[in-house]
Amino acid sequence: HQHQHQHHPNTLTHTHTMNTNAFSLAFTSSVQQTDADRDDDDDIDELLGMFSFSELAKLTDFFEGFDTDYLIKEYKGFQSAYPNNQVSLEEFKKLSQSTEWGKKKSEEQLNQLFRAFDRDGNQTIDFKELVLGTTFLTSTKVNREEKLKFFFNSVDLDDSGALSRDEVEQAVKILLEHNKALSHKLPPELNTPHLLTDAIFGLVAINVDGQLTPEALISAMNNQPDRFKALHLDLLFNVSC
């Protein structure tokens, strides 16, 4: 499986076509000649320190043509573009424009994605977070329960581990605003963010604080899949595929 990249000096404006099954971060093209002097062994050591063996095995399993050589190339490109191994929210938004998964997303949707990618909550994304985030977003082989847990963070604004009615309503509002066709398809009793949120809280079991946990959402997804989909929870948590 060949990964073809046009040469472009700036990784952020670099565009490429992305096979949904192919892993691509668009960094390879930004590697400068001076980076070629760096020993691959150093990169391998750094990457192995970053990813666990099982994470690397998963990536190989999830993406056709994925191997450590490809990851090293991307890592070199990433280091060239972000020498301190950190991508800020603004940089993430720019970078997203050059990807198949990001170019059609609104500012609010990219804010949500950034929150999901930023696993440690330090307001920046490092190489590992970018690789894992891209995996959850684009691979059709990721387990749906893992996917839901990953994207739960995009809605959990206060990082409490549970979703309040306000947090869900805010996410529903963003979803409906950027998918006008959805609003038109919804029956009258569900066609506002407030009504849809009420229905979601009617479907999913709430915890003692009246909030939704990832486990309760997974239970609803597995036990009442049709209703889960009818309330667009599959789109809210990126588990439609």
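Quick check on the range 60-69. Is at least one of its residues of a type in the set (Val, Ile, Thr) and over 17 Å from the mean Cα position of the chain (by Cα)?
yes
I need a count of the residues in the range 78-101 that are assigned to a helix (DSSP H, G or I) and more than 16 Å from THR134 (Cα to Cα).
Residues in the range 78-101 being assigned to a helix (DSSP H, G or I) and more than 16 Å from THR134 (Cα to Cα): 4 in total.
I need every pair where a residue in the range 181-205 that is in contact (Cβ under 8 Å) with a residue 40 or more places away in the chain has its Cβ under 8 Å from the Cβ of a residue that is open to solvent by 50 Å² or more (accessible area, probe 1.4 Å), sequence separation at least 6 or different chains.
Hits for this filter: LEU182/LEU235.
Does THR134 satisfy the criteria of being assigned to a helix (DSSP H, G or I) and of a type in the set (Ser, Thr, Tyr)?
yes
Residue pairs, Cβ under 6 Å, 6 or more apart or interchain, first in the range 209-237 and under 21 Å from ASN191 (Cβ atoms), second open to solvent by 50 Å² or more (accessible area, probe 1.4 Å) and of a type in the set (Ser, Thr, Tyr). List them.
Short answer, once both residue conditions are applied: ASP234/SER240.
Would you mind stating whether VAL172 is out of contact with any Ser or Thr (no Cβ under 7 Å at 6 or more places or on another chain), among the β-branched types (Val, Ile, Thr) and in a helix (DSSP H, G or I)?
When the stated conditions are applied, VAL172 does not pass them.
When the range 59-83 is examined, which residues are found to be among the charged types (D, E, K, R) and open to solvent by 40 Å² or more (accessible area, probe 1.4 Å)?
ASP61, GLU64, ASP67, ASP69, LYS73, listed by residue number.
Restricting to the range 52-69, what's the tally of residues that are part of a helix (DSSP H, G or I), more than 12 Å from VAL131 (Cβ to Cβ) and of a type in the set (Asp, Glu)?
Of the residues in that region, 2 qualify.
For the range 98-154, give me the residue count where each residue is under 21 Å from LEU56 (Cβ atoms), basic (Lys, Arg) and either within 12 Å of the chain's Cα centre (by Cα) or buried (at least 19 other Cβ atoms within 10 Å of the Cβ) (or both).
3
Kindly indicate whether ASP126 is of a type in the set (Asp, Glu) and in contact with a strand residue (DSSP E or B) (Cβ under 6 Å, 6 or more places away or on another chain).
No: the conditions fail for ASP126.
Residue-wise test of (1) aromatic (Phe, Trp, Tyr); (2) within 18 Å of the chain's Cα centre (by Cα); (3) crowded, with 16+ Cβ neighbours inside 10 Å.
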| position | (1), (2), (3) |
| --- | --- |
| GLN170 | no, no, yes |
| ILE174 | no, yes, yes |
| HIS178 | no, yes, no |
| LYS185 | no, no, no |
| ALA199 | no, no, yes |
| GLY202 | no, no, no |
| ASP209 | no, no, no |
| SER219 | no, no, no |
| ASP234 | no, yes, yes |
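May I ask you to verify whether GLU215 is open to solvent by 30 Å² or more (accessible area, probe 1.4 Å), at pLDDT 95 or above and either within 25 Å of LEU110 (Cα to Cα) or among the charged types (D, E, K, R) (or both)?
Answer is yes for this residue.
Given the conditions (1) out of contact with any Ser or Thr (no Cβ under 6 Å at 6 or more places or on another chain); (2) closer than 28 Å to SER160 by Cβ; (3) touching a residue at least 24 places away in the same chain (Cβ under 8 Å); (4) open to solvent by 40 Å² or more (accessible area, probe 1.4 Å), and given that GLN86 satisfies all but one, which numbered condition is not satisfied?
(1)
The values are calculated or read from the model by the stated rules, or taken from the named source; none is laboratory data. Since this is a predicted model, take the numbers as computed values, not measurements. Here the Cβ is made from the backbone with ideal geometry for all residues, glycine too, and neighbour counts use every protein chain on show. For the accessible areas, the whole protein counts, side chains as well, though only heavy atoms, and no ligand, DNA or RNA atoms are used. Shrake-Rupley method; radii C 1.70, N 1.55, O 1.52, S 1.80 Å.
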